[in-house]
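Engineer: Here it is, the structure in full.
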Amino acid sequence: MTVPSLPPDSLLTALRWRYAVKSFDPTRKIEPATWQALEEALVLTPSSYGLQPWKFVVVEDPATREKLLPLSYNQRQVVDASHFVVFCIRKSLSADDVERHVARTAQVRGIAIETLAKFRAVMTRDIVHGSRSLHANAWAANQLFIALGNFMTAAALLGVDTCPMEGFEPAKYDDLLGLAPRGFAASVCCAAGYRAANDKCAAIPKVRFEAKDVIERR
């Protein structure tokens, strides 16, 4: 596999261009090939142990998005953006979840599942029965934010705008989307599409501390 290369300036230009869009242009839609790449970016997101304790719900139905609007404090990004993704954790990880990952690993790598016994034991001891099991949902949410960041960066590189959103009512999202019975819970959302021409936030300078204030070398 050829190692991908991107000029440093291209990366920084995309990240400086990106901002949390407040007003999306509802008439502009993300092309299917571009969206497929963004979905694949979600699939390729790294996670601890590779466990992938998540589900990404792409809400395509306009009627459902209208129902989510009042549950999102009427933030128009929910309905105006081309695409809207609800990032969900897999709650209360169990030995079955570990086994599912072990089986998938054996399948993809073409190895005997028995060779992964130690790997299975480490994950089970840590996530299912260890001290981490007491806050497994918080751990899963931390993993989920890796996916969110990966998605937003990938979108910026493709010239797609995004807006991460924690301003919503998670329990009501869970009810409306039928997440709880399937063992999932909404944790964060992200709207994706293209900024409206009149979005005032596009012209506001990005505020960040200087590198010397947040990066320390030893």
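Engineer: Scan (i) 58, 46, 37; (ii) 47, 38, 29; (iii) 83, 64, 28 for the value of Cα extents along the principal axes in Å calculated from this model and give just the label.
Structural biologist: Entry (i).
Engineer: Using alpha-carbon positions, what is the distance between the centroids of the range 95-149 and the range 164-199, in Å?
Structural biologist: After rounding, the separation between the Cα centres reads 25 Å.
Engineer: Beyond 16 Å, what percent of the Cα pairs of the range 113-218 remain?
Structural biologist: 76
Engineer: So, one more: Less than 15 Å Cβ to Cβ from Thr13, Lys/Arg counted +1 and Asp/Glu -1: what total charge do the surrounding residues give?
Structural biologist: Neighbour charge sum, excluding Thr13 itself: +1.
Engineer: From the convex hull of the Cα coordinates of the range 175-215, what is the mean projected area in square nanometres?
Structural biologist: Computed as one quarter of the Cα hull surface, the answer is 6.2 nm².
Engineer: So who's got an amide H within less than 5 Å of the one on Val188, skipping anything under 5 residues away but keeping other chains? H placed 1.01 Å off N, in plane.
Structural biologist: Result for Val188 returns Phe87.
Engineer: Quick one: net charge around Arg28, please, counting Lys, Arg +1 and Asp, Glu -1 for every other residue with C-beta under 15 Å from its C-beta.
Structural biologist: After counting each charged neighbour, the total is -2.
Engineer: Moving to a separate point now. With 20 Å as the cut-off, how large is the P(r) tail for the range 1-63, expressed as percent of Cα-Cα pairs?
Structural biologist: For the range 1-63, the fraction of Cα-Cα distances above 20 Å is 55 percent.
Engineer: Among Gly159, Pro8, Leu42, whose Cα lies farthest out toward the positive end of the dipole of the chain, if unit charges sit on the beta carbon of Lys, Arg (+1) and Asp, Glu (-1)?
Structural biologist: Result: Pro8, furthest along the dipole toward the positive end.
Engineer: Let me check I've understood the local charge: for Asp174, count other residues with C-beta under 14 angstrom from its C-beta, Lys and Arg +1, Asp and Glu -1. What total comes out?
Structural biologist: Once all neighbours under 14 Å are counted, the net charge is +4.
Engineer: Under the Kirkwood approximation applied to all pairs of distinct alpha-carbon atoms, what is the hydrodynamic radius of the range 83-136 in Å?
Structural biologist: 12.4
Engineer: Between Val214 and Leu6, what is the label-point separation in nm under the 7 Å Cα-to-beta-carbon projection?
Structural biologist: That separation, rounded to one decimal, is 1.8 nm.
Engineer: Charges at C-beta only: +1 for Lys and Arg, -1 for Asp and Glu. How large is the resulting dipole of the chain about its Cα centre, in Debye rounded to 20?
Structural biologist: With Lys and Arg at +1 and Asp and Glu at -1, about 460 debye.
Engineer: Let me ask another. What size of dipole, in debye to the nearest 20, comes out for the range 88-160 about its Cα centre when the only charges are +1 on Lys and Arg C-beta atoms and -1 on Asp and Glu C-beta atoms?
Structural biologist: 40
Engineer: Further, regarding this structure: Just to be sure I understand the rule: take each whole DSSP H helix in the chain, project its Cα atoms onto its long axis, keep it if the span is 27 Å or more and its mean Kyte-Doolittle hydropathy is at least 0.0. Which ones pass?
Structural biologist: 136-157
Since every read-out is calculated from the coordinates, none of them should be taken as a lab result. Remember, predicted model here, so these are calculated numbers, not experimental data. All Cβ positions, glycine included, derive from the backbone under ideal geometry; neighbour counts span all protein chains shown.
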